Amino acid sequence: MSGIAEPMRRLIERHMGDGAQVYALSGDVSTRRYYRAESATSETLPSAVLAVYPEPFECARSEFVLVQRLLAEIGLPVPQILECDGPQGALLLEDLGDSMLQTAWSDSSIDDARRRELYRVALGQLVTLQSGALPAGRSEPCFRVAFDVEKLSWELHYFEKHFVEGLRGADLGVDDRATLAGCFHQLATEIASWPQVLCHRDFHSRNLMLHGGDLYWIDFQDARLGPAVYDLASLLRDSYVDLEEAFIAECAEEFRQRALPGEARDVFRHRFELCSVQRNLKALGTFGHEASVNGNPVYLSYVPSTLESARRNLTRYPELEPLHRVLAHHIEELL
């Protein structure tokens with residue numbers, strides 16, 4: 001178990017015995033590091049995942065722990081927490097394997113009907129979240145933060161800084177900056193005005209793990225209040241999986257009927273597509289930051305499909321025309 005600190009080694013040994021092999025796993029864009037431990041002796045726990053945070057934390061106040069308990073309470077599949085060692089900044093978690101919804105969608109051994117069924121399972125899980133995790137009477141921090149105007153605007157300006165200027169090197173003039181600022185504020189204000197539910201916040205195909213025939217949720221520690229269509233947009237307008245437009249429309253309408261039956265279809269569709277624009281631009285900002293600031297090009301392969309998704313929705317509504325015009329001037333894929 002070379003490469004990890006002695007307290008981490010002892011934590012693993014308490015659950016898996018001596019001689020466990022530990023391998024670093026590729027992480028996300030966060031500051032957390034992940035390892036898989038494989039036991040040489042334990043039949044009850046052959047493997048587990050160790051999540052190491054950059055700083056110590058209090059287990060009783062950990063956002064991951066609190067959201068994990070909430071999601072498990074309402075019946076959503078989440079990894080079991082085997083041990084929380086706050087002073088060491090570590091969590092030992094159930095190992096869900098490596099099969100993401102993203103990989104399942106492209107796996108030729110899984111037939112098309114099963115892949116589509118998995119998306120319907122995910123839709124049902126979203127309905128469970130929104131109907132089961134109601135804010136009334138809850139004290140968890142995730143119910144005290146929201147996708148408000150400030151947060152949504154910050155994400156859009158992050159896209160401007162790290163994708164438009166940082167990655168693409170656009171030279172934005174005074175007029176373009178003013179137009180973008182006004183459009184970003186208008187879009188953020190509109191989205192923030194809609195009724196809010198609890199959102200996973202990053203509900204896409206890389207955060208849904210196929211394990212034991214079911215979809216398990218990971219990376220949910222940043223859950224917060226937001227529009228009912230936010231997680232839906234994250235899933236169906238995902239940067240990592242190219243879904244057919246007809247299938248997206250079918251899934252969106254199924255979700256509306258199950259989660260928001262009283263919402264008019266045109267209102268729902270408008271909100272879904274505006275949220276998709278915000279979500280796609282936010283993702284592009286993250287990809288741009290990883291490439292131009294952190295020197296990590298791994299996400300660049302997902303830029304074309306994300307731009308195409310954003311382009312389709314930017315051209316659908318007259319209210320988005322000024323935003324589309326300025327962005328298309330600097331990013332030719334949006335023309």
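The values are calculated or read from the model by the stated rules, or taken from the named source; none is laboratory data. This is a predicted model, so every value here is computed, not measured. Counting neighbours? That spans all protein chains shown, and the Cβs are built from the backbone with ideal geometry, glycine included.
See the values below:
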{"item": "Meets criteria (farther than 19 Å from residue 249 by Cβ, modelled with pLDDT of 95 or more and in the same structural domain as residue 53 (by TED's automatic domain parsing)) for residue 90", "result": "yes"}
{"item": "Count of region 231-249 residues which are outside any loop (DSSP other than H, G, I, E, B) and more than 10 Å from the chain's Cα centre (by Cα)", "result": "8"}
{"item": "Every residue from region 253-309 that is exposed (fewer than 15 other Cβ atoms within 10 Å of the Cβ) and not in a helix (DSSP H, G or I)", "result": "261, 262, 264, 293, 294, 295, 296"}
{"item": "Of all residues in region 15-49 being within 25 Å of the chain's Cα centre (by Cα), in a loop (DSSP other than H, G, I, E, B) and not β-branched (Val, Ile, Thr), the one that is farthest from residue 296 (Cα to Cα)", "result": "32"}
{"item": "Filtered residue count, region 73-105, keeping only those that are in contact with a strand residue (DSSP E or B) (Cβ under 7 Å, 6 or more places away or on another chain), part of a loop (DSSP other than H, G, I, E, B) and within 21 Å of residue 210 (Cα to Cα)", "result": "9"}
{"item": "Positions within region 151-170 being over 18 Å from the mean Cα position of the chain (by Cα) and free of Cβ contacts under 8 Å to residues at least 24 places away in the same chain, in sequence order", "result": "165, 169"}
{"item": "Contacts under 8 angstrom Cβ, first residue in region 261-283 being in the same structural domain as residue 188 (by TED's automatic domain parsing), partner part of a helix (DSSP H, G or I) and surrounded by fewer than 16 Cβ atoms within 10 Å (Cβ to Cβ), 6 or more apart", "result": "265/253"}
{"item": "Boolean, residue 81 is β-branched (Val, Ile, Thr) and buried (at least 17 other Cβ atoms within 10 Å of the Cβ)", "result": "yes"}
{"item": "Options 238, 231, 175; residue that is closer than 27 Å to residue 91 by Cα and either modelled with pLDDT of 95 or more or among the small types (Gly, Ala, Ser) (or both)", "result": "231"}
{"item": "Residue count for region 264-315, restricted to those that are of a type outside the set (Phe, Trp, Tyr) and touching an Asp or Glu at 6+ places or on another chain (Cβ under 6 Å)", "result": "5"}
{"item": "Scope region 112-147; condition under 25 Å from residue 205 (Cα atoms) and either of a type in the set (D, E, K, R) or not in a helix (DSSP H, G or I) (or both); matching residues", "result": "112, 114, 115, 116, 117, 120, 133, 134, 145, 146, 147"}
{"item": "Flag if residue 56 is assigned to a loop (DSSP other than H, G, I, E, B), farther than 14 Å from residue 218 by Cα and assigned by TED's automatic domain parsing to the domain that holds residue 22", "result": "yes"}
